[in-house]
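Below is one structure, written out as structure tokens; comments come after it.
The values are calculated or read from the model by the stated rules, or taken from the named source; none is laboratory data. Bear in mind the structure is a predicted one, so any value in this text is a computation, not a measurement. A quick note on method: Cβ atoms are made from the backbone with ideal geometry, for glycine too, and the neighbour counts reach across all protein chains shown.
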There are 2 protein chains.
Amino acid sequence: MSRPESRLGAHLPVSPPTLADVAERAGVSRQTVSNAVNNPDLLRPGTLERVRQAIEEMGYSPNRAARNLRTRTSQLIGLRVSPVQEGTANAMMDRFVHTLVETSALAGHHVLLFTGDDEDPVAGYDNLLRSTAVDAFVVTDTYLGNPQAAWLAAQRAPFVAFGRPWDRASARHPWVDVDGAAGTRLATEHLVEQGHTRIAWIGWRKDSPIGEDRRSGWLTTMHEHGLSTTGLASRVEDTVQSGGEAAAVLLDESAPTAFVCASDTLAMGVLHTLWLRQLAPGRDIAVVGFDDSQVAQVYPVGLTSVRQPLEDVAVEIVRALQSLLSHQPTPEDGVLLTPTLVVRESSARPEADVPA
Amino acid sequence: MSRPESRLGAHLPVSPPTLADVAERAGVSRQTVSNAVNNPDLLRPGTLERVRQAIEEMGYSPNRAARNLRTRTSQLIGLRVSPVQEGTANAMMDRFVHTLVETSALAGHHVLLFTGDDEDPVAGYDNLLRSTAVDAFVVTDTYLGNPQAAWLAAQRAPFVAFGRPWDRASARHPWVDVDGAAGTRLATEHLVEQGHTRIAWIGWRKDSPIGEDRRSGWLTTMHEHGLSTTGLASRVEDTVQSGGEAAAVLLDESAPTAFVCASDTLAMGVLHTLWLRQLAPGRDIAVVGFDDSQVAQVYPVGLTSVRQPLEDVAVEIVRALQSLLSHQPTPEDGVLLTPTLVVRESSARPEADVPA
DNA sequence: GCCGGTGCTTGGAACGATCAAGGGGGACCG
DNA sequence: CGGTCCCCCTTGATCGTTCCAAGCACCGGC
């Protein structure tokens, strides 16, 4: 009676039952059904059971649009997908995204993807924010000078960043990041344990704070062990070719026995150079990459690599989002997680040419 | 006057302007503003300009929840993210997802990610459908026996599949797929042109229709050229190790000079075996993979690989979704796209040991 | 038997947009 | 000059949910 449209014809998709339909069937009012869903404690056990059964029988699920309109939330978290970089090994985002989707589902949220204008990076955020399409954002590419975080903070929009605010410590927004220096420290310690003393670094250009962070882990570990780093560092673009060329120069000029790289992409370049020179990775020269990409995993000579705990990052981000959205002040500003080292053949112990 | 909440205080996030706010400022009614947004043709140019200016000044954007409630749409497309497979090279999904997000944005849609229960694969779909959270789905993993497509069809839920319906041709839902056989045909033709006559196949187990499709391209091309395929085919699991073992067996027993593989993962296994045997890929033995994964791109010896036109697939899927959602009957049931071959060093011309 | 409190339930209003129908004014025609 | 049409705009109703305040039954105490 209350839903004439359901009588239109069986060949059309039947519109789903509403709160009122369930209420009628259970013999209670709308609000009671709503309470059964959102505040079960308010109902007498008998009533609750009756309503629950009606919900079950009719396959009721609250209409999201109506709920969103009333509660002024969307239960959605916006995530900007960055352009795909071909020719690099860093495809770790799906690992992160998957856990993010799973974890936020547990918190009752879904993940909404969107792209950004290249010329106006905040346009996508602005649209979603103004149309109240998402409750919060997860910002992933917090490179230096990226205006997104600052803009979102200025808009008082809830968001959590994957990545530290590099530019100024005054930015007080929640963030989660992986300690890159700790990762390269692990890598360097591992190589020192294997008996290496001439360990080279191949990283990114100086204006990349992430690259400098990773470099610092190598540098301090070398110095802690009293090892020289003179002529053993190189800063290049993040491409296979650059990594290979840097490795060639370092091998010629400084004769390192091991390489620590800021990325698996660079490490692949090093492996290429070793291959050209008939040097066996792991036996002749050790190589360690960063990101534990699929390349590192399927390369014939398994590539030792620093693995970011992306699953934990996603969990922490969702945790921060929840306290942000429930207006509980976050206890600390940021969470810094420690990566692990996945040891494979490319960093096996050198045999006799290095003094133990 | 009409928005008392905006007076609460400047330290709270100001709630965005509504249709009524814009109407008041522009000196028109709500409906006129709505028309200015959705049906500009209905307005007199002068009025339209005035409303547009008010919209611009106030930074108005229609509240999505309200619009969704009224129009019974969500402008969202659901995409289930499948679990990440570690240790394989097939991370092509982000290429697809990115274009999907971009293209559907042009059509006014956003992409919503969700995960599925492993035990109840349709649970995620069911929830989103019943709560009218999404307008349609994109189904990606249409392996044999996957109940999702059939279930969605039974629910009369709008969806487009990436992948042909393998089980029964009677399934009449829109789909977009890549012609795997055409891809392996390209690969095989390419190798024949290089002078190869003993071209081996390493694929997946027989119960994989995708694998059988790809295998058929190799098989028919071989036969068309009058080449024998006896003892040159192998069916294994999709792992690096399996690929390597299969290559070793084939090399020992049938002495092929080239390999066509159903995936880059298998091709990596082949390259590993070649490396162990001191055989140079491209010079001694040619290898072709499938998917043009990042591994193929950054491997020191570039891996020739069949590249799926994932960007085109996404575009076609959005196109099909649009006609589906606008209730225009789709002209054809499915779209089959042709992949391309990316030639790299691993399939360079053999030198003298193969008769031209 | 009356009163007050407790605990569940109820109807009305609101969220902000679109749909359907109604109205005012000018142009055009008779 | 009156009627009709059309164009452009306005008004009231509605989508399905949650918030709010009031209603009502029940129980114990006096």
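Things worth noting here:
- Of residues in the range B:35-45 being more than 7 Å from DNA strand D (Cβ to nearest atom) and either in contact (Cβ under 8 Å) with a residue 24 or more places away in the chain or over 39 Å from the mean Cα position of the chain (by Cα) (or both), the one farthest from B:Met58 (Cα to Cα): B:Pro45
- The listed residues are A:Arg30, A:Arg70, A:Arg64, and the only one of them that is without any contact (Cβ under 8 Å) to a residue 24 or more places away in the chain, within 8 Å of DNA strand C (Cβ to nearest atom) and either exposed (fewer than 12 other Cβ atoms within 10 Å of the Cβ) or within 24 Å of A:His110 (Cα to Cα) (or both) turns out to be A:Arg70.
- The single residue among A:Arg130, A:Arg30, A:Arg44, A:Arg52 that is modelled with pLDDT under 95 and within 30 Å of B:Phe96 (Cβ to Cβ) turns out to be A:Arg130.
- Yes/no for A:Ala255 being among the aliphatic types (A, V, I, L, M) and on the phi > 0 side of the Ramachandran plot: yes
- Selection status of A:Ala20, more than 30 Å from B:Gly302 (Cα to Cα), more than 9 Å from chain B (Cβ to nearest Cβ) and more than 16 Å from DNA strand D (Cβ to nearest atom): no
- Qualifying residue in the range A:262-284 (condition: under 30 Å from A:Arg72 (Cβ atoms) and surrounded by fewer than 19 Cβ atoms within 10 Å (Cβ to Cβ)): no
- Among the candidates B:Thr184, B:Thr197, residue that is among the hydroxyl-bearing types (Ser, Thr, Tyr), in contact with a Phe, Trp or Tyr (Cβ under 9 Å, 6 or more places away or on another chain) and under 25 Å from B:Val288 (Cα atoms): B:Thr184
- Whether a residue is part of a helix (DSSP H, G or I), more than 26 Å from A:Thr142 (Cα to Cα) and either within 12 Å of DNA strand C (Cβ to nearest atom) or at pLDDT 90 or above (or both) was assessed, and A:Leu100 does not pass this test.
- Among the conditions (1) closer than 26 Å to A:Leu100 by Cβ; (2) more than 15 Å from the chain's Cα centre (by Cα); (3) among the polar types (S, T, N, Q), A:Gln308 misses just one, which is (2).
- Of the residues A:Arg3, A:Arg64, the single one that is among the basic types (Lys, Arg), within 13 Å of DNA strand D (Cβ to nearest atom), more than 20 Å from the chain's Cα centre (by Cα) and modelled with pLDDT under 90 is A:Arg3.
- Unmet requirement for B:Thr197, which otherwise passes all of (1) within 27 Å of B:Ala258 (Cβ to Cβ); (2) buried (at least 23 other Cβ atoms within 10 Å of the Cβ): (2)
- Test: residue in the range A:299-310 that is of a type outside the set (Phe, Trp, Tyr), away from chain B (no Cβ under 11 Å) and out of contact with any Gly (no Cβ under 9 Å at 6 or more places or on another chain): yes
- In this entry, B:Val84 passes the filter for residues that are within 30 Å of A:Gln297 (Cβ to Cβ), of a type in the set (A, V, I, L, M) and more than 9 Å from DNA strand C (Cβ to nearest atom).
- When the test is whether a residue is among the β-branched types (Val, Ile, Thr) and either in a strand (DSSP E or B) or not assigned by TED's automatic domain parsing to the domain that holds A:Val288 (or both), A:Val138 passes it.
- Residue in the range B:71-80 that is part of a helix (DSSP H, G or I) and within 33 Å of the chain's Cα centre (by Cα) present: yes
- Index of the failed condition, B:Leu112 passing every other in (1) in contact with a Gly (Cβ under 7 Å, 6 or more places away or on another chain); (2) outside any strand (DSSP E or B); (3) facing chain A (nearest Cβ under 9 Å): (2)
- Test: residue in the range B:159-171 that is within 14 Å of chain A (Cβ to nearest Cβ) and under 20 Å from the mean Cα position of the chain (by Cα): yes
- The range A:224-240, subset assigned to a loop (DSSP other than H, G, I, E, B) and within 27 Å of the chain's Cα centre (by Cα), residue surrounded by the fewest Cβ atoms within 10 Å (Cβ to Cβ): A:Glu237
- Filter result for B:Thr132 (outside any helix (DSSP H, G or I), surrounded by fewer than 20 Cβ atoms within 10 Å (Cβ to Cβ) and within 16 Å of DNA strand C (Cβ to nearest atom)): no
- So A:Ile55, is it within 16 Å of DNA strand D (Cβ to nearest atom) and either β-branched (Val, Ile, Thr) or in the same structural domain as A:Met268 (by TED's automatic domain parsing) (or both): yes
- Residues of the range A:82-97 classified as surrounded by fewer than 21 Cβ atoms within 10 Å (Cβ to Cβ) and either modelled with pLDDT of 95 or more or assigned to a loop (DSSP other than H, G, I, E, B) (or both), total: 8
- Unique match (being within 30 Å of A:Gly116 (Cα to Cα), polar (S, T, N, Q) and more than 8 Å from chain B (Cβ to nearest Cβ)) among A:Thr47, A:Thr73: A:Thr73
- Helices (runs of 4 or more DSSP H) contained in the range B:241-356 and holding at least 1 residues modelled with pLDDT of 95 or more: B:264-276, B:310-325
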